[in-house]
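In what follows, a single structure is set out as structure tokens and then discussed.
The values are calculated or read from the model by the stated rules, or taken from the named source; none is laboratory data. As the structure is a prediction and not an experimental result, all values here were calculated from the model. We place every Cβ from the backbone using ideal geometry, glycine too, and count neighbours over all the protein chains shown. Quick note on the areas: whole protein, heavy atoms, side chains included, nothing else; ligands and nucleic acids left out. Shrake-Rupley method; radii C 1.70, N 1.55, O 1.52, S 1.80 Å.
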Amino acid sequence: MQPVMITAAMVGAEVTRAEQPNLPVTPQEIIAAAVECYEAGASIIHIHVRDAQGNATQDGQLFREVVEGIRARCDVITQVSTGGAVWMSAEERLQSIECQPDMATLTTGTVNFGNGIFMNNRGLVETFARRLRESGIVPEIEIFDVGMLDEAMRLHKMGLITDPVQFDFVMGVPGGLGANPAHLAHMVGCLPPHSTWSVAGIGRHQLTLATIALAMGGHARVGFEDNIYYRKGQLAQSNAQLVARIARIARELDRPIATPAQARNLLQLGRYPSTM
Ligand code: KMH
Ligand code: ZN
């Protein structure tokens with residue numbers, strides 16, 4: 001089995017400090033939390049940023065500050081969100097890639113997201129995929145429902161995404177794909193041969209689905225974006241605490257933890273030069 005790539009999704013767009021007092025919010029807090037997660041075993045940092053009021057933003061300058069700050073401290077892979085928050089326009093969402101991160105997310109369809117709608121129509125998805133391709137930024141395909149997998153295959157046929165494709169199954173968002181291991185088994189069975197995949201379980205499903213993913217040979221995403229608790233009724237102390245726990249489980253399952261260099265190799269980052 002491959003070494004485990006652990007992704008730390010530390011901030012997100014929805015969680016507040018009132019809900020999780022240890023949520024990193026300022027660029028300096030996000031950089032420090034990323035380094036802690038890297039030291040605990042993360043090879044990929046999934047990045048969202050917040051404005052001075054703590055609200056989600058896709059401000060390109062804030063993303064640049066965070067990505068450059070992380071790069072100055074360690075070689076962990078930087079993966080920016082192009083999803084942003086449900087109220088944001090497409091142009092706003094794409095500002096995050098201006099700082100030339102290693103990777104960026106790409107959601108391949110529209111889904112209910114709680115009471116909101118996470119809007120990703122075909123035109124938007126193709127535009128995002130093209131922009132990433134032209135910028136030499138490797139996408140991670142975010143799958144919030146099964147049909148998004150078929151849409152990703154369509155992009156693959158169009159040459160907008162190329163092998164090896166990294167998929168992240170986001171399971172348990174209210175309105176989206178349920179956190180059911182049977183769904184996971186089905187989706188993994190549908191993947192093209194050279195793919196890699198991880199699971200981001202929401203809330204209490206984070207630990208169980210990440211563990212199942214490790215046992216199946218996949219990779220795992222943990223962090224406050226998806227889950228703020230260590231266990232029922234007990235808030236996690238930090239994102240790094242959640243990373244350290246899944247790293248411990250991986251070792252128990254005889255899955256070594258991927259270094260960022262190993263993860264770069266598995267994901268074949270830098271596989272196409274920027275044409276911008
Ligand atoms: N905040 C969600 C609406 C991503 O980062 O690409 C979208 C999201 C996915 O978080
Ligand atoms: Zn995200």
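Among the candidates His205, His194, His219, His186, the residue that is touching a strand residue (DSSP E or B) at 6+ places or on another chain (Cβ under 7 Å) and open to solvent by 30 Å² or more (accessible area, probe 1.4 Å) is uniquely His205.
Out of the range 207-255, which residues are over 29 Å from Asn55 (Cα atoms), basic (Lys, Arg) and in a loop (DSSP other than H, G, I, E, B)? Before you say what the answer is, go through the steps one by one.
Initially, the range 207-255 is screened for residues over 29 Å from Asn55 (Cα atoms), giving 208, 211-219, 247-255.
Subsequent filtering for residues that are basic (Lys, Arg) retains 248, 251, 255.
Arg255, the sole residue that qualifies.
Summed over the range 136-156, residues that are surrounded by fewer than 17 Cβ atoms within 10 Å (Cβ to Cβ) and either in contact with a Gly (Cβ under 8 Å, 6 or more places away or on another chain) or closer than 25 Å to Cys99 by Cα (or both) total 2.
Hey, any hits in the range 16-32 for a residue that's assigned to a helix (DSSP H, G or I), within 16 Å of ligand 2 (Cβ to nearest atom) and more than 18 Å from Glu140 (Cα to Cα)? Yes, the conditions are met somewhere in the range 16-32.
Screening the range 86-119 for residues that are over 14 Å from the mean Cα position of the chain (by Cα) and within 8 Å of ligand 1 (Cβ to nearest atom) and picking the one that is surrounded by the most Cβ atoms within 10 Å (Cβ to Cβ) gives Phe118. In the range 215-262, the residue that is farthest from Thr7 (Cα to Cα) out of those that are in contact with a helix residue (DSSP H, G or I) (Cβ under 8 Å, 6 or more places away or on another chain), within 16 Å of ligand 1 (Cβ to nearest atom) and charged (D, E, K, R) is Asp226.
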